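Accompanying notes for the structure given below.
Values quoted throughout were computed directly from the atomic coordinates according to the rules given, and no laboratory measurement underlies them. Note that the structure is a prediction, hence the values are computed from the model and not measured. Because the Cβ atoms are built from the backbone with ideal geometry, glycine has one as well, and the counts that use them run over all protein chains shown.
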Amino acid sequence: MGILDSKIPSGPLADKWTKHKNDINLVNPANKRNIDIIVVGTGLAGGAAAATLAELGYNVKTFCYQDSPRRAHSIAAQGGINAAKNYQGDGDSNYRLFYDTIKGGDYRSREANVYRLAEVSGNIIDQCVAQGVPFAREYGGMLDNRSFGGVLVSRTFYAKGQTGQQLLLGAYSAMNRQINRGKIQAFNRHEMMDLVLVDGKARGIIARDLVSGEIERHSAHAVVLATGGYGNVFFLSTNAMGSNVMAAWRAHRKGAFFANPCFTQIHPTCIPVSGDHQSKLTLMSESLRNDGRIWVPKKMEDAIAIREGKKKPTELAEEDRDYYLERRYPAFGNLVPRDVASRAAKERCDAGFGVNKTGEAVFLDFASAIERYGKEKALTSGLKDPDKATITKLGEEVVEAKYGNLFQMYEKIVDQNPYKTPMMIYPAVHYTMGGLWVDYNLQTTIPGCYSAGEANFSDHGANRLGASALMQGLADGYFVLPYTIGDYLSKDIRTGKIPTDSPEFDEAEKQVRDRMEKLMSGSGIHSVDYYHKKLGKIMWNKCGMARNEKELKEAIKEISDLRKDFWENVKIPGSIESKNQELEKAGRVADFLELGELFAKDALHRNESCGGHFREEYQTEEGEALRDDENFKYVAAWEYKGEPKDAELHKEDLVYENIELKTRSYK
Amino acid sequence: MKLYLKIWRQKDASTPGKIVDYTLDGVEGDMSFLEMLDILNEELVSKGEEPVEFDHDCREGICGTCSLQINGEPHGPDRLVTTCQLHMRKFNDGDTIVIEPFRATAFPVIKDLIVDRSAFDRIQQAGGYISVNTSGNTIDANSIPINKHAADEAMDAATCIGCGACVAACKNASAMLFTSAKVSQFALLPQGQVEATERVQNMVRQMDLEGFGNCTNTGACEVECPKGISLTNIARMNREYLSATLKG
């Protein structure tokens with residue numbers, strides 16, 4: 001077990017980033033023209049990094065499996081992006097954003113990284129507005145804000161319920177400007193199949209053209225992996241169907257440590273599963289918890305009657321409803337952080353109070369918000385003594401303006417009108433805090449291989465706060481990586497073009513081909529999805545919202561057996577040399593089958609509960625997470641040693657110099 | 001329910017395609033249209049046949065990857081949804097459903113139901129951006145107040161997901177709704193006005209180069225657009241284009 005060097009600069013917290021920027025080496029503009037950088041993934045982190053690096057003068061190649069960079073899954077982020085602008089004058093500051101993020105992450109993230117994130121957050125908003133991102137505005141023309149879970153200020157900027165889309169289109173437009181200048185070459189419908197190391201440094205990738213099936217070699221002086229999270233290891237998640245861990249996992253197999261894989265975010269407000277055919281889950285933005293109240297019936301007989309369709313939720317009197325978040329956490333109420341809200345929903349449903357056919361759903365109710373807004377609107381419109389119908393109508397209009405697209409999406413999927421009856425929601429896998437281990441410069445343990453956005457582990461600890469993923473992706477891509485990568489590349493100004501005909505590239509390409517041929521040789525009858533669904537069930541049941549030693553041990557065994565079965569039997573029609581979606585899926589699922597086991601191993605070793613990682617053995621009398629700072633105040637970074645079971649643990653001790661470690665309380 | 005599917009199968013861009021018949025049983029109303037195709041594909045794979053390839057990703061109506069011409073309509077019979085959000089409850093037991101790729105010269109078929117929409121990327125590369133550096137050293141976000149109405153209208157235009165339904169719906173395979181949405185977003189914001197003249201000219205030039213047809217104001221694009229992008233954007237682009245031409 002080694003000790004990891006996070007390369008955190010010395011000095012006071014608030015000065016670290018500025019000092020570091022002044023201390024690191026730069027590459028002069030003429031030399032930048034001779035340096036190539038590969039960016040894999042074109043979401044917020046990858047798109048922003050590619051655009052900025054190209055603008056600085058480097059030659060950039062981007063890769064994405066989608067048909068256009070604009071379709072990366074950042075696009076699906078709904079609610080907003082945090083920034084410590086304090087436009088509302090409600091006491092926000094860089095320090096508060098930093099503090100909320102560390103606390104929200106249950107004291108398992110790095111102080112210096114998180115402070116830097118808070119420090120650059122304001123710049124992100126300036127940048128995006130300059131790029132033409134149409135954020136929501138107030139009547140006076142100023143930017144509007146709203147609140148998200150786990151904080152007591154309004155610091156979330158938003159563009160209706162499509163903030164991720166608008167920010168991604170902003171980054172994509174910045175990319176387009178560089179593509180038009182010839183500084184970015186975009187390889188769309190391409191998948192990274194492996195990382196190529198030369199003399200221990202990342203020097204390129206092997207990619208597959210997903211249309212022709214051709215295997216390609218691409219070299220560069222540095223490789224950036226911004227390929228998102230691994231939530232799809234659960235099969236059902238809010239991730240896109242194609243979201244996968246392949247690039248990160250290939251790098252892991254080549255020597256990049258994988259940090260805290262068990263830190264996964266189960267988002268409390270998703271549309272519940274409706275049946276076995278289900279291919280993915282849909283999120284209902286956390287912003288809805290600004291106005292929606294979460295409840296289940298107080299009495300068991302009411303819960304049963306609602307499940308059987310004999311009673312309607314709207315028929316239940318106020319006193320027969322259990323607004324359990326408001327009851328348990330009066331200070332934060334419905335806006336507790338995601339991990340807390342998810343566990344509370346599970347607790348009520350496990351106790352038998354679930355409200356849909358499967359018993360795995362709770363209500364998210366807008367009736368009080370509609371009434372409150374309706375009265376306010378009536379007042380400002382000068383209506384005297386409006387009747388109830390008028391108030392409801394006015395209130396519904398306000399709610400529609402705020403959340404219209406989400407309500408419409410809900411209605412299309414569930415076939416119920418959420419203005420008239422409460423939504424039904426249940427937690428679902430949404431985001432992964434774990435990822436490739438990176439130092440302060442966002443470099444992995446492989447020199448020249450960087451990781452940004454959700455793909456790295458760095459800023460969210462054991463639980464991410466709402467509207468912070470967009471902030472981190474853009475911070476990494478626009479404002480961090482372009483500086484730190486220059487320090488590394490300053491040593492490469494005399495290297496010249498990296499050849500792709502070296503033995504290292506030969507060997508990497510051969511491995512990729514062998515692996516695909518092995519996948520195609522399966523002799524069984526089951527499809528890739530069959531295995532993926534089985535893996536997902538193991539993960540959800542045994543590595544989901546609550547975990548225990550016995551089941552984690554079972555999961556490790558079951559995943560390992562399933563992996564063996566998969567490699568011997570998976571059935572893939574078609575050929576390697578053409579477009580083949582089944583083969584694409586197979587390569588991704590093969591890696592999930594390894595990652596899943598490491599995930600369970602990580603969860604098993606962490607004998608504490610913190611953030612999204614809840615071990616049933618470690619909880620307080622009230623059922624809250626029981627952290628063990630004495631023994632687990634560290635980042636668990638796993639080194640690949642063949643099978644996942646042999647992975648070797650390295651620890652990065654987390655040092656808190658500016659924040660006192662406390663039991664996280666939202667009561 | 002039981003469905004009779006007529007699906008366009010095409011090996012690759014250079015091989016001619018044809019409609020192939022499939023019968024699918026056990027379809028439920030709560031399934032999305034793509035989940036229905038998943039089930040068909042599971043059956044095909046278990047028989048050792050190649051599954052029907054189609055584009056899809058987020059399956060929540062925002063990435064714009066999914067397409068499909070369903071019974072002659074882009075994204076099928078429902079309004080304001082993409083194919084991934086279309087649910088089978090919109091169909092009846094015993095229905096015959098014809099499923100084809102989006103048809104346009106500028107969208108060549110790659111395989112089965114997958115088409116190449118990279119022409120849209122090239123239109124945006126021609127000018128769909130504001131030439132501001134991403135270094136972060138810009139002015140404070142609140143230093144230019146923007147009228148809420150204009151900001152909201154820009155947002156409405158910006159919600160275009162670039163799926164290509166407008167092109168598939170148009171008898172001329174015109175990309176005017178798509179291009180105009182992008183032009184409008186920037187035209188409505190003060191930040192976009194600096195380069196407005198060049199932007200509209202460059203984007204329209206690229207749109208024509210890609211082989212899209214012209215607009216004859218039938219409005220089919222607006223009807224089929226899953227995001228409800230308004231035809232007024234086309235009027236705005238025409239005005240922008242005309243004034244840009246006059247300015248030279």
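What the table below lists for this structure:
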{"read-out": "Per-peptide average of other Cβ atoms within 10 Å, ordering A:306-318, A:122-134 highest first", "value": "A:122-134, A:306-318"}
{"read-out": "In degrees, nearest ten, helix B:196-209 long axis to first principal axis of chain B (Cα)", "value": "30 degrees"}
{"read-out": "Point-to-point label distance, residue A:554-residue A:14, nm (Cα→Cβ direction, 7 Å offset)", "value": "5.3 nm"}
{"read-out": "Listed residue (B:83, B:193, B:105) projecting farthest to the positive dipole end of chain B, Cβ model", "value": "B:193"}
{"read-out": "Approximate spin-label separation residue A:569-residue A:397, in nm, with each point projected 7 Å along Cα-to-Cβ", "value": "6.1 nm"}
{"read-out": "Farthest positive-ward along the protein assembly as shown dipole, Cα basis, beta-carbon charges - from B:174, A:448, A:43", "value": "B:174"}
{"read-out": "Simple label model, 7 Å out from Cα along Cβ direction - residue B:116 to residue B:9, nm", "value": "2.4 nm"}
{"read-out": "Partners for residue A:311 among lysines (Cα-Cα distance below 26 Å; same-chain residues under 8 apart left out)", "value": "A:298, A:299, A:346, A:357, A:388, A:393, A:412, A:420"}
{"read-out": "Positive-end residue of A:68, A:472, A:101, charge dipole of chain A with Cβ unit charges", "value": "A:68"}
{"read-out": "Mean-position separation - Cα centroids, segment A:75-142 and segment B:90-131, in angstrom", "value": "36 Å"}
{"read-out": "Segment A:513-532 versus segment A:589-620: alpha-carbon centroid distance in Å", "value": "27 Å"}
{"read-out": "DSSP bridge pairs, the protein assembly as shown: antiparallel proportion in percent, nearest 5", "value": "70 percent"}
{"read-out": "Peptide-level mean, for B:117-130, of C-beta atoms on other protein chains within 10 Å", "value": "6"}
{"read-out": "Residues residue A:417 and residue B:105, FRET efficiency given R0 of 51 Å [Cβ-Cβ distance, rounded to 0.05]", "value": "0.75"}
{"read-out": "Size of electric dipole in segment A:156-215: Cβ of Lys, Arg +1 and of Asp, Glu -1, about Cα centre, debye, nearest 20", "value": "360 debye"}
{"read-out": "Longest to shortest principal axis, alpha-carbon extents of segment A:548-667, angstrom", "value": "58, 30, 29"}
{"read-out": "Net dipole in debye of segment B:3-111 [+1 Lys, Arg Cβ; -1 Asp, Glu Cβ; about Cα centre; nearest 20]", "value": "480 debye"}
{"read-out": "Helix axis angle, B:232-247 relative to chain B longest principal axis, alpha carbon, degrees", "value": "40 degrees"}
{"read-out": "Amide proton proximity set for residue A:37, modelled H, under 5 Å, gap of 5+", "value": "A:59, A:60, A:61, A:221"}
{"read-out": "Average partner coverage of A:136-149, which counts Cβ from other chains inside 10 Å", "value": "3"}
{"read-out": "Separation of alpha-carbon centers, segment A:355-411 and segment A:260-279, rounded to whole Å", "value": "27 Å"}
{"read-out": "Residue-averaged 222 nm ellipticity for the protein assembly as shown, from DSSP H runs of 4+ at -39500 (n - 2.57), nearest 500", "value": "-11500 deg cm²/dmol"}
{"read-out": "Stretch gain in nm, segment residue A:142-residue A:523, where the contour uses 0.36 nm per residue and the Cα spacing is subtracted", "value": "130.9 nm"}
